[in-house]
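Only the coordinates and a few stated rules stand behind these numbers; no lab work does. Just so you know, these numbers come straight off a predicted model, no measurement behind them. All Cβ positions, glycine included, derive from the backbone under ideal geometry; neighbour counts span all protein chains shown.
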Amino acid sequence: MYHRVAPGGRDLRYTVHPRKFTAQMSLLASNDYTIVPLSAVVAAVRGVVSLPASAIAITFDDGFLDTWENARPVLRAFGFTATFFLVAGLAGGSNVWMHQGGHAASPLIDWSHAATLVSEGFTVGSHSLTHPRLDEMDTAAAAREIRESKRTLEDHLGTDVAFFAYPYGRFTDPIRDMVEAAGYVGACSAQAGFNRRNTDRFALRRLDVAGGVSLATFRRNLQFGENNMTPSRLVSYYAGRLARRGAVGQS
Ligand SMILES: [Zn+2]
């Protein structure tokens, strides 16, 4: 799960430097990872297809123009597909949902960019109409964000929009059910971990690629399905495993 790919690194939490992004894609290309579309992950979760354990789907939340400018050319160079989750009511606009948080205004992908992404084989998904906290809205308003964003994207792009990503990763059981009822095929959460057969396809797990992450940590995160697998976390991970193994041995 990426958000922004841009130089400058003002917001290291959400912005990956293009050089780092290229190095990460290069690592994926050279380590036998299989880059698959999100539809393949959902098909595997449903048991329709089987994927190698090394299968990875790349996603971008929010539709920042910098992902178009800086990530798309790299993805194309590597022949990697990806899913771009757009805020359907703000295409061609800016990240107004972040302004209150003190973030600068940044431009978002417009409809012509989105149409090009589709024509190039990328997947466009919905990230709602306005990027609200769906779990804090009344039911009708939340349902509208979920349904109308799908319709808006489909009307502009002339293609099925099958995937949703919960804004802020926030969802409840009723929100999840609304997404399914709206006709989506799957939805991405922001919970870390792997997706396996029988994972809820409306609560798909993702690994957050933060701007400050080193290539070594990026690699370990992929290996362990964690968001911040630093060397010290690695030590406690194995210590925990040993402790659990010990506990099993005593029983
Ligand atoms: Zn978002």
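Sorted fewest first by neighbouring Cβ atoms within 10 angstrom, I146, I175 come out as I175, I146.
Nearest-5 percent of antiparallel DSSP beta bridges in the chain? Present the calculation step by step, with values, prior to reporting the outcome.
Values: 2 of 20 bridges.
In the chain, approximately 10 percent of DSSP beta bridges are antiparallel ones.
Could you work out the local net charge near H113, counting Lys and Arg as +1, Asp and Glu as -1, over the other residues with Cβ closer than 13 Å to its Cβ? Could the numbers behind the result be given before it?
Working: positive: R72; negative: D66, E69, D110, E120.
That sum, taken over residues with Cβ under 13 Å, equals -3.
Need one word for the stretch 26-79: rounded, prolate or oblate. Basis is the Cα gyration tensor (sqrt eigenvalues a ≥ b ≥ c); a/c below 1.5 gives rounded, then a/b vs b/c decides. In terms of gyration-tensor shape, oblate. Amide H contacts under 5 Å for T59: Y2, T83, restricted to partners 5 or more places along the chain or on a different chain, H placed in the peptide plane at 1.01 Å from N. Treating the Cα atoms of the chain as identical point scatterers in vacuum, please give the log10 of the normalised Debye intensity I(q)/I(0) at q = 0.08, 0.13 Å⁻¹, two decimals. Treating every Cα as an identical point scatterer, log10 I(q)/I(0) equals -0.31, -0.82. Remark: the Cα gyration tensor places the stretch 1-149 in the oblate category, a/c being 1.5 or greater and a/b not exceeding b/c. Every pair of different Cα atoms in the stretch 78-118 enters the Kirkwood calculation, which places the hydrodynamic radius at 11.5 Å. Dipole check for the stretch 105-163: with +1 at the C-beta of Lys and Arg, -1 at the C-beta of Asp and Glu, and the Cα centre as origin, the magnitude is about 40 Debye. Give, as ranges by residue number, the residues of the stretch 195-217 whose backbone N falls under 17 Å from the point 7 Å along Cα→Cβ of L234. Flagged as within label range: 213-217.
Residues H131, H103, ranked from the fewest to the most other C-beta atoms within 10 Å, line up as H103, H131.
Helix-derived [θ] at 222 nm for the chain: sum -39500 (n - 2.57) over DSSP H runs of at least 4, divide by residue count, nearest 500? Before the final figure, lay out the partial values.
On the way: 8 runs with 95 residues, N = 251.
Result for the chain, helices only: -11500 deg cm²/dmol.
Highest mean packing comes first when the peptides 227-237, 180-190 are listed by Cβ atoms within 10 Å, giving 180-190, 227-237. By the beta-carbon count within 10 Å of each Cβ, the least crowded to most crowded order of Y33, Y238, fewest first, is Y238, Y33.
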